[in-house]
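The values are calculated or read from the model by the stated rules, or taken from the named source; none is laboratory data. Small disclaimer: the values here were computed from a predicted structure and weren't measured. Neighbour counts are summed over all protein chains in view; Cβ atoms, including those assigned to glycine, are modelled from backbone coordinates with ideal geometry. Each accessible area value is taken on the protein alone, full model and side chains, heavy atoms only, with ligands, DNA and RNA left out. Shrake-Rupley method; radii C 1.70, N 1.55, O 1.52, S 1.80 Å.
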Amino acid sequence: MEHTKALLEFIKNTPSCFHAVTNICANLCREGYTELHESEMWDIIPGGKYYVTRNGSSVVAFSVPENIGTPKFMIAASHSDSPSFKIKDTPELDGGMYTRISTERYGGMILDSWLDRPLSAAGRLLVRTEDGVSSKLVDIDRDIMLIPHVAVHMENPNNGKTYNPASDMIPLYGDGAAKGSFMKLAAESAGVDADDIVAHELFLYNRQAPSLWGANGEFISSPKLDDLECAFSSMCALTSANPGKAVAVMFVADNEEVGSTTKQGAGSTFLYDTLSRICDALGGDIRIAAAQSMMLSADNAHAVHPNNPGLSDPTHRPEMNKGVVIKYNASQLYTTDAISSAVFREICRRADVPTQVFANRSDMRGGSTLGNISNAQVSMSAVDIGLAQLAMHSSYETAGAHDVKHMINAIKHFYETELICRGADVKIV
């Protein structure tokens, strides 16, 4: 359970996408990775380990083998963001007896899962300096907000209430005397002067601590399992993998929950730019490299629900603690095809990692993720995978306590694998 406990501690210390990337980069530094900057020339050598960030909320890390030949890539992609409420630029609402915080939805969350929970705010502040502006991480590390239910005697939510984000989901911050204090509190938490704050990107987060539970400790529940579980697993796999013949790449992108079409999202040029610069430094061609490369689009999957098993497809019924899930969709909401699925299954078989499959019930569209979006920028063989979980997009999600090790082992062996591709025939080395 070592990796599972480490995951829960990682999530506990990761209240925003900015903290996710900061914590990942801190771990990479401890493992000997060198930071690169997009605005500078890169000196990449065989045997080197590097990472580069964009916007402070996305990161690409990679390890170059000592005996690298023609460059090719084995990539695990995940995302750093989760559904939440973003605090608006002018945060406080006028309210007489109450002080509330003005927010808007970020992503497709389960709204009522945010009610009656201890909440706080985290993200970043842009602060005025003598030279311009500087970004400061901030986490108001205490319970300061809550979104209260209406009493059942006044409005019964069991009668199918629909929640309006503009009226029902506004967090209560304090009484009337708290007005004017929110940004001062954020500044104090970041160790800056409130008058120097030029702009901010702050999100609500659920303060309820991650937990390990069940009759035999078989489940975990936590905020942000989607998709920090996969991001954490890919980080652990990258730093523990033995060098292979391909460049091992971890891509953690922001803004998946809102479409990925930002400069730091999977729909941006970030991954393509990074892979191109690696090829240039190692004497390769990105087009040739992509044809010999593969991506794991790692984002969690839906487990069969204990109270609503009929919502799952009759023959595609992932279970928690039963291994990595391979995700299929005929409309190509997922990247998986027969070739990529076969290759990944074989890698997992050799690694003794159990796999299972997911497809939506045929009358349900289901969701999508970053694989196909990223593939529009740099096309390669790809498979969508994840770990089975319940209550996806809740503020407090549930997954299997034993599956973290399965995902880490699967990605680790993937990184250690070389593919030699000729059309539909793939040699797995």
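Specify which of the listed residues (S331, S362, S394, S368) is farther than 21 Å from D313 by Cα, open to solvent by 10 Å² or more (accessible area, probe 1.4 Å), out of contact with any strand residue (DSSP E or B) (no Cβ under 7 Å at 6 or more places or on another chain) and not in a helix (DSSP H, G or I).
S394
Could you say whether any residue in the stretch 46-69 is farther than 18 Å from V252 by Cβ, buried (at least 19 other Cβ atoms within 10 Å of the Cβ) and not small (G, A, S)?
Scanning the stretch 46-69, I find at least one residue that is farther than 18 Å from V252 by Cβ, buried (at least 19 other Cβ atoms within 10 Å of the Cβ) and not small (G, A, S), so the answer is yes.
I'm told V249 meets every condition in (1) touching an Asp or Glu at 6+ places or on another chain (Cβ under 9 Å); (2) under 20 Å from G386 (Cα atoms) except one. Can you identify the failing condition by its number?
Status for V249: all satisfied but (1).
Please specify each residue of the stretch 1-35 satisfying the condition of being surrounded by 17 or more Cβ atoms within 10 Å (Cβ to Cβ) and in contact with an Asp or Glu (Cβ under 9 Å, 6 or more places away or on another chain).
Residues satisfying the conditions are T4, L7, I11, P15, S16, C17, F18, H19, A20, V21, C25, L28.
Give the stretch 195-205 a look and list any residue that's open to solvent by 10 Å² or more (accessible area, probe 1.4 Å), assigned to a strand (DSSP E or B) and either over 19 Å from D254 (Cα atoms) or hydrophobic (A, V, I, L, M, F, W, C) (or both), or say none.
Across the stretch 195-205, the qualifying residues are I197, V198, A199, F203.
For the stretch 10-36, how many residues are without any contact (Cβ under 8 Å) to a residue 12 or more places away in the chain and either touching a strand residue (DSSP E or B) at 6+ places or on another chain (Cβ under 7 Å) or of a type outside the set (A, V, I, L, M) (or both)?
The qualifying residues number 3.
Could you look through the stretch 306-328, keep only residues that are surrounded by 12 or more Cβ atoms within 10 Å (Cβ to Cβ) and free of Cβ contacts under 8 Å to residues at least 60 places away in the same chain, and pick out the one that is nearest to N216 (Cα to Cα)?
Among those residues, the one meeting the criterion is R317.
Considering only the stretch 370-409, state which residues are touching a Leu at 6+ places or on another chain (Cβ under 7 Å) and of a type in the set (D, E, K, R).
Selection gives E397, D403.
For the stretch 73-99, how many residues are within 26 Å of the chain's Cα centre (by Cα), over 30 Å from K245 (Cα atoms) and among the polar types (S, T, N, Q)?
Result for the stretch 73-99: 2.
Would you please list the contacts, defined by Cβ atoms under 6 Å and residues six or more apart or on different chains, that run from a residue in the stretch 220-237 that is basic (K, R) to a residue that is crowded, with 24+ Cβ neighbours inside 10 Å and not in a helix (DSSP H, G or I)?
K224/S82
Could you list, in sequence order, all residues of the stretch 44-92 that are closer than 21 Å to N206 by Cα and not acidic (D, E)?
S57, H79, S80, S82, P83, S84, F85, K86, I87, K88, P91
Per-residue answers, yes or no, for (1) touching a Gly at 6+ places or on another chain (Cβ under 8 Å); (2) within 22 Å of L238 (Cα to Cα):
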| residue | (1), (2) |
| --- | --- |
| H316 | no, no |
| K327 | yes, no |
| I339 | no, no |
| R345 | no, yes |
| A351 | no, yes |
| A401 | yes, yes |
| Y415 | yes, yes |
| V426 | no, no |
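Check E38 against each of (1) buried (at least 19 other Cβ atoms within 10 Å of the Cβ); (2) farther than 21 Å from K412 by Cβ and name the one condition it does not meet.
(1)
Can you pull out the residues in the stretch 93-109 that are at positive phi and modelled with pLDDT under 95?
Selection gives G96 alone.
Looking only at residues in the stretch 176-194 that are open to solvent by less than 50 Å² (accessible area, probe 1.4 Å) and outside any helix (DSSP H, G or I), which one is farthest from S16 (Cα to Cα)?
Looking at the filtered set, the residue picked out is G180.
Please work out if P15 is of a type outside the set (S, T, Y) and over 21 Å from S135 (Cβ atoms).
No: the conditions fail for P15.
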